[in-house]
Structure formats: C-alpha cells, structure tokens
Amino acid sequence: MSATARKTAPMPDDIKAMKGGTPIVSLTAYTTPTAEALDEHCDFVLVGDSVGMVLHGLPSTLGVSMDMMVMHGKAVARGLKTAMMVVDMPFGSYEESPERAFRNAARIMGETGAGAVKLEGGVHMAETIGFLVARGIPVMGHIGLTPQSINTLGGYKVQGRDAQRAQVMADAEAVSNAGAFAVVLEKVPQTLADEITAAVPIPTIGIGASAGCDGQILVVDDMLGLFTAFKPKFVKRYGALAEDMEKAIAAYAKDVRARSFPAPEHVFADAAPKAKA
Ligand code: KIV
C-alpha cells in the first residue's frame, strides 16, 4: 500500500512484505515539525544517530548517547501518524553483549514508541540481532559503511570493492538469517547492492548503493540543503534551505537595524477607552 493511502503506520512485517514491490521511501527526522512533513510521504522514518552531526555539531556519530536518541525519538513520534518510526541504537549501547543490547533496545522501544531499532554490523552482530528479535524487538540491520566504525574502517570509504565483496555479501546474509526485517546498505558498489538485493529475502534500503535496492534513505538535512558542512557524492539536494535561511536572517537583521521591523501590523494599540454608562 502506498504511504499516502495508508491510515495507520506499517509494522516491520509490512515493510518486509514490500520486498520487490514499489520502492520503500525513507528519510531521517530528529524533530516533530520535520516528522510531520515526512509522515505522509515516507513508509518509515529513521531517527538516525546522524542527529549528532546534523543537529548537535559533533564530528562523528560516536558521541551520540542513549538519552539523545530517546529524546529525539519522542519528538519524532509526536509528528508521525502513518509512517513507522525506527530509532538508531547509538555507539556503545549494543556491541558489548546481547543482554546489554536488549536492555537499551527495550528502553528505546518503551520510551519512544518506536516500531523497530536499527543497529550497525553484519556477521559479528548476527547473534545480537537474533537475541533481540526472539525477545520481541524488530531489528533493521545496517551494513557496508557503518559510520560508528570509521576508526577501524579507516574513514568514510566505499565498502565491498574487490576483496571485501564476499564479506559484505556474508554480512547481508547473516543479518537476514538472524531475523532482521530489512537492511540498510550504505556506500557499497552498485553491482554488489544489486546482487545482495537479489540474494536476501528482506528489503535492502540503499544510501549510496543502487536504484535497484528495495528502498532508499537519505539524511533529511542533506537532501533539503540544510546541512552544508560537506556533501557526500550519494546525496541529491532537492532544496537549498540553508541559503533560504541565510537570506531570511540577513533580511531580518537589516529590517531591525533600519527600524522597519516591527511594522504597524506587528505591534499592539493601547486598550480602547471604556464607553461611559
Ligand atoms: O544515522 C543515520 O542517519 C543513518 C542513515 C542515513 C542510514 O544511519
């Protein structure tokens, strides 16, 4: 069913059932107004840990905390009616053990009302994914470039070229076999993304992957042209909101300095004198 025709939010199994059909549409959101704008257009909205870089000025996603994810998850939930919400598990909240992952995922689900959590990692996270799914927590996987591991990956490089190709395929299969309902493929070669999409029974959600994936996701501030510190090759800008914002702020500052704001229509008259009886 298309996002516009839907009356209620899909469940993870509904997203899974979209495999091979009309492409799944997704963007990130971190605030209520953005969530409201995305709701009717997206099948699911991701409260990504990219929030750390996009809204909090952090240099990477590594400094994002559970409290930040819960706070932004609650804000996004207030803006959604018909899109499912997925919340990222931040760095350090799930890698140590399946039990720790469960405690933190249960907090995210319970406090934000998310439909699912997303966590990064393939073969080495399969046990944890299986542990969460068996205990009632739907999981979206995330493989290829996993930004929480930039220090061991050596930066934001394309993953799965040449020698790493078999590893990324094995990661996709492991995440799928462990019970994830969908998997994000980030920054992998197009042909590999297409092969993975054909090989696994769950939807692949591409970001810097291939138009042949079962769905696509972008960071909303990137595609709106609101986050301009850098632009990854895989981002298409559909707006130039940072420029619009700059123009609006400059116009306001000019008006204030010229005393042309506030104008008569923005100010209040004295109370009208009371008529005598
Ligand atoms: O944190 C994020 O925003 C993400 C994606 C864009 C996939 O993980």
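One residue is enough: does the stretch 40-47 have a residue meeting the conditions more than 28 Å from SER149 (Cβ to Cβ) and surrounded by fewer than 16 Cβ atoms within 10 Å (Cβ to Cβ)? There is at least one residue in the stretch 40-47 that is more than 28 Å from SER149 (Cβ to Cβ) and surrounded by fewer than 16 Cβ atoms within 10 Å (Cβ to Cβ). All of ARG135, ARG165, ARG161 fail the test of being away from the ligand (no atom under 15 Å from the Cβ) and closer than 28 Å to VAL70 by Cβ, apart from ARG135.
Quick check: is even one residue across the stretch 83-93 part of a helix (DSSP H, G or I) and more than 13 Å from the ligand (Cβ to nearest atom)? No, that holds for no residue.
All conditions in (1) farther than 23 Å from ALA198 by Cα; (2) of a type in the set (Asp, Glu); (3) surrounded by 15 or more Cβ atoms within 10 Å (Cβ to Cβ) hold for ASP67, with the sole exception of (3). Do any residues in the stretch 132-144 that are open to solvent by 10 Å² or more (accessible area, probe 1.4 Å) have Cβ atoms under 6 Å from those of residues that are assigned to a loop (DSSP other than H, G, I, E, B) and within 16 Å of the ligand (Cβ to nearest atom), where the two are at least six apart or on different chains, and which pairs are they? Here the result reads PRO138/PHE181; GLY144/GLN159; GLY144/LYS187; GLY144/VAL188, each pair linking the stretch 132-144 to a residue that is assigned to a loop (DSSP other than H, G, I, E, B) and within 16 Å of the ligand (Cβ to nearest atom). Only a single criterion out of (1) within 12 Å of the ligand (Cβ to nearest atom); (2) in contact (Cβ under 8 Å) with a residue 60 or more places away in the chain; (3) open to solvent by 30 Å² or more (accessible area, probe 1.4 Å) is not satisfied by PHE234, namely (2).
Within the stretch 176-199, restricting attention to residues that are assigned to a loop (DSSP other than H, G, I, E, B) and closer than 18 Å to LEU119 by Cα, which residue is farthest from the ligand (Cβ to nearest atom)? Here the answer is GLY179. For the stretch 61-71, the candidate set comprises residues that are under 13 Å from PHE91 (Cβ atoms) and under 15 Å from the mean Cα position of the chain (by Cα); within that set, the residue that is nearest to the ligand (Cβ to nearest atom) is THR61.
The values are calculated or read from the model by the stated rules, or taken from the named source; none is laboratory data. Keep in mind it's a predicted model, so treat the numbers as computed, not measured. So basically every Cβ, Gly included, is an ideal-geometry build from the backbone, and we count neighbours across all protein chains shown. With ligands, DNA and RNA removed, areas are computed over all heavy atoms of the protein, side chains included. Shrake-Rupley method; radii C 1.70, N 1.55, O 1.52, S 1.80 Å.
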